[in-house]
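S.K.: I am attaching a structure below and will ask some questions about it afterwards.
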Amino acid sequence: MFDPKDKELGMDREISRRDFLNGVALAIGAAAVPASLFLGCERPHGPQQSPNYYPPALTGLRGSHPGSFETAHSLRDGTFWSHAPKPEDTGEHYDLVIVGGGISGLSAAHFFRKIAGPNARVLILENHDDFGGHAKRNEFRAGNRTLLGYGGTYSIESPEPYSAVANGLIGELGIDVSSFPRYLDRASYGAEGRVPKIFFDKETFGVDRLLDDPWPFPGGETYDLAVAAPDAWTHFMADAPIAEQARKDVHRLCTEKKDYLPHLNLEQKTARLLRISYAKFLSEVAGMHRDVLRLYQTLPEPLFGYGIDAVPAYEAWEAGYPGFSGMLGDPEALHWERVHFFHFPDGNASIARLLVRKLIPDAIPGNSAADVVTAKADYAKLDQSGSPVRIRLNSTVVRVKHNGDPASAQEVEITYSSEGKSYDVRAAHCILACWHVVIPYICEDLPGKQKQALDEATKVPLVYTNVLLQNGTAFEKLRANAIYAPGGYHTWVNLDLPVSIGGYRCPHDPAEPTVIHMSKAPCKAGLPPREQHRIGRGELYTTTFETFERNIRDQLARILGAGGFDPARDIAAITVNRWPHGYAYDYNSLFDSFVLEGGEAPCEIARKPFGRIAIANSDAEAHAFTNAAIDQAWRAVGEITKKSA
Ligand SMILES: Cc1cc2nc3c(=O)[nH]c(=O)nc-3n(C[C@H](O)[C@H](O)[C@H](O)COP(=O)(O)OP(=O)(O)OC[C@H]3O[C@@H](n4cnc5c(N)ncnc54)[C@H](O)[C@@H]3O)c2cc1C
């Protein structure tokens, strides 16, 4: 039955929203590949050789798109091998095979070649249709112009300084982090009085209401541009649909410099705040009304993947949340994020693309960190037989095994599945730069204790949605740039930072088409984080694009409606980047006892080398940041090159 509300929302509108890569268009693409490419002693080339193959321009369900995860899930469920055809031997032999084409895998290839020489033969196998892993580029066509969005990794930022290795790589790629302010058009972000807002929804707060946010969250996607309107407190105190006491409490929490634990010294305060959640801090230590907890419950979700019920109060302070300025002072982490920050319009996909350019120069034209932003990648060049480095997409590794005893074997055999077939390649070494939870299923010979540790690296599910709007006038009329929606389907709805770099010009005039960013972390408050993530992951795998789309249209209509926004008219394209396996799991002092009591962290056990196999990925540091992905690649390369020295 067609719901008339769907028509109002524009569910029947022809927009760019379907992911065809693993459906019709893929079949056409594959059919268009000359037959000769499917012959010969090497593995038949996949769809990436097709001239039409260009995943960044796909819209619809992206991130872990349909077709990328089913093989790995059948391995997990124990059904893969009973249906798999016998692997074909490609006859290919490499110095190094890397499993996973994210920033860690790409960095590992780069570091390995620096040590082993530019002629070293490297193959990167990646299960998605694009390289970069979480660092995902989304492109939109708006008239004769291309607009960019980040489908995952947003920026160079970190709560602590990058290591010399990570900094060195960023420099080698030509990125001058300190130059970021040059590309940022600060004035346009707040032009026409645009300020951060809060959207109170009627399901959570009894009424739909958009208000100026009197205390915008410092950092994250709004960098340091989130500046409250001068009269924001006045409006908040008068109109916020929460109890009057709660409004007063929020005001004192955000503006008073109060020490809520005056009887404790700094060390004791730290110890206490590491052992209680931010929710408990607000209710029991700072004495906040329960509506304050409702207001802030989802504030940390994009950063932590769960709400204030599971965030340790100490980490809330480190992240810059209100309530601590009279107790602990300003957190150093915020300082680092500000001075060491760089946002490309496609996020850190530009880092992935710069790495690919270093590895396979023909694949991405140009020679600077600025020109990479508009450079068009030639996917057919990624996997060429004459090239020392090859990147093979749509290829899920299903088995990694030494040929013989791991202690003395001379090579590793890697089996991967692509397009319903399986293939074997061999290598002197293998680096697993993939998600750790996958490794026990593909590398069965690992010691049991190590497999258990790998299995604990459960990832944080996230959704990064990009919506192409015909124009940005609703944001202009509402004077909004970043909207926190505590009860919304997505918890944030943001304009991107106005960054123009190289040949790329971000929208300036509200009349121009604009890409907005929405983020969501599916979770279940009240449970331990891993359990919250498990439930959220299940939700993401079972939510259809249609459901996402309906929720997006409904949410935007309600938030932006007063600014004249009509979802049926104004939405031109939607890309939902679904990441059931998103951030690496960062240990939590409330739930991971070794954090306070000491002892070996699971990631230290998980990343141990095994014969000719080394293990990278940001999971190896249990830290969801680009610098961790790079540092762990460096360590893994060190392990295998030391072994062969
Ligand atoms: C939505 C989102 C936003 C983020 N924002 C930031 C940010 O702003 N700044 C920051 O520093 N960090 C951010 N991160 C963290 C980000 O994960 C890291 O910065 C970094 O990109 C991780 O790189 P990686 O190579 O370790 O992992 P990934 O990017 O996950 O790459 C691993 C790759 O291995 C592949 N793989 C898995 N199994 C197999 C298999 N069996 N065969 C073949 N391939 C396989 C995966 O599909 C994946 O593509 C964000 C993460 C997410 C999800």
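S.K.: In nm, to one decimal, how far is the GLU531 label point from the LYS449 one, both placed 7 Å along Cα→Cβ?
M.R.: Label-label distance for GLU531 and LYS449, simple model: 2.8 nm.
S.K.: Relative to the longest principal Cα axis of the chain, at what angle does helix 545-560 sit, 0 to 90 degrees, rounded to 10?
M.R.: Rounded to the nearest ten degrees, it is 30.
S.K.: Could you give the nm distance between label points at HIS73 and TYR587, where each point is 7 Å from its Cα heading toward the beta carbon?
M.R.: Each label point lies 7 Å from its Cα, and together they span 3.2 nm.
S.K.: Further, regarding this structure: Compute the long axis of helix 626-644 from its Cα atoms, compare it with the longest principal axis of the Cα atoms of the chain, and write down the angle in degrees, 0 to 90, nearest 10.
M.R.: In the chain, helix 626-644 runs at an angle near 20 degrees to the longest axis.
S.K.: How big is the gap, in Å, between the Cα center of region 220-262 and the Cα center of region 114-185?
M.R.: 36 Å
S.K.: I need the per residue convex hull volume for the chain, using only the alpha carbons, in cubic angstrom as a whole number.
M.R.: On the way: hull volume 99.5 nm³, N = 645.
Cα-based convex hull of the chain, divided per residue, equals 154 Å³.
S.K.: Continuing with this model, one more query. How far is helix 244-255 tilted off the main Cα axis of the chain, in degrees rounded to 10, range 0 to 90?
M.R.: 60 degrees
S.K.: Return one quarter of the surface area of the convex hull spanned by the alpha-carbon atoms of region 268-364, equal to its mean projected area, in nm². Write down the numbers at each step before the final one.
M.R.: Values: hull surface 34.0 nm².
With the hull built on Cα positions only, its mean projection is 8.5 nm².
S.K.: Same structure again: Just grab the label-to-label distance for GLU546 and HIS83, each label 7 Å out from Cα along the Cβ direction, in nm (one decimal).
M.R.: Taking the two extended label points, one gets 2.3 nm.
S.K.: I want the local charge near LEU354. Using Cβ-Cβ distances under 11 Å, sum +1 for each Lys or Arg and -1 for each Asp or Glu among the other residues. Before the final figure, lay out the partial values.
M.R.: Working: positive: ARG353, ARG357, LYS358; negative: GLU172, ASP371.
Counting the neighbours of LEU354, the net charge comes to +1.
S.K.: Just in region 194-249: which GluC sites (Glu not before Pro) are loop by DSSP and have at most 11 other Cβ atoms within 10 Å? Show your work: numbers first, answer last.
M.R.: On the way: sites: GLU203, GLU221, GLU244; in loops: none.
Passing both the DSSP loop test and the Cβ count: no residue.
S.K.: Let me ask you something else. For the chain, what relative contact order do you get, as a whole percent, if you take Cα pairs closer than 8 Å and at least 6 residues apart? It would help to have the intermediate numbers written out before the result.
M.R.: On the way: 1359 pairs, mean separation 145.0, N = 645.
Averaging sequence separation for qualifying contacts and normalising by length gives 22 percent for the chain.
S.K.: Please tell me the relative contact order of region 263-337 in percent, rounded to the nearest whole number, where contacts are Cα pairs under 8 Å and at least six residues apart.
M.R.: Once normalised by length, the contact order is 31 percent.
S.K.: Quick one: net charge of ALA363's neighbours, Cβ under 12 Å, K/R +1, D/E -1? Before the final figure, lay out each step's value.
M.R.: Values: positive: ARG353, ARG357, LYS358, LYS376, LYS381, ARG390; negative: ASP362, ASP378, ASP383.
Value of the local net charge: +3.
S.K.: Which Rg and Dmax, in Å, describe the Cα atoms of region 105-253?
M.R.: 22.3, 69
S.K.: For region 536-581, how big is the tail of P(r) above 12 Å, as a whole percent of Cα pairs?
M.R.: 65 percent
S.K.: Which is farthest toward the positive dipole end of the chain among GLY60, VAL177, PRO161, measuring Cα position about the Cα centre, with Cβ charges +1 (Lys, Arg) and -1 (Asp, Glu)?
M.R.: Checked the options; the winner is GLY60.
S.K.: Among rounded, prolate and oblate, which fits region 483-605 when a ≥ b ≥ c are the square roots of the eigenvalues of its C-alpha gyration tensor, a/c under 1.5 means rounded, and a/b larger than b/c means prolate?
M.R.: prolate
S.K.: Express in nm, to one decimal, how much length is gained between ASP231 and LYS7 on full extension, taking 0.36 nm for each residue of separation and deducting their alpha carbon distance.
M.R.: Gain on stretching ASP231 to LYS7: 76.8 nm.
S.K.: Distance between Cα centroids, region 337-355 to region 196-212: provide it in whole Å.
M.R.: Value for the Cα centre distance between the two parts: 32 Å.
S.K.: So, with +1 on the Cβ of K and R and -1 on the Cβ of D and E, and no other charges, what is the size of the charge dipole of the chain about its Cα centre, to the nearest 20 debye? Walk me through the numbers on the way to the answer.
M.R.: On the way: 67 positive and 80 negative charges, 104 e Å.
Here the chain has a charge dipole of around 500 debye.
Every read-out reported here was derived from the displayed coordinates using simple, explicitly stated rules and does not represent laboratory data. From a predicted model like this one, the values you see are computed outputs, not experimental measurements. Positions of Cβ are backbone-derived with ideal geometry, glycine not excepted, and every protein chain shown enters the neighbour counts.
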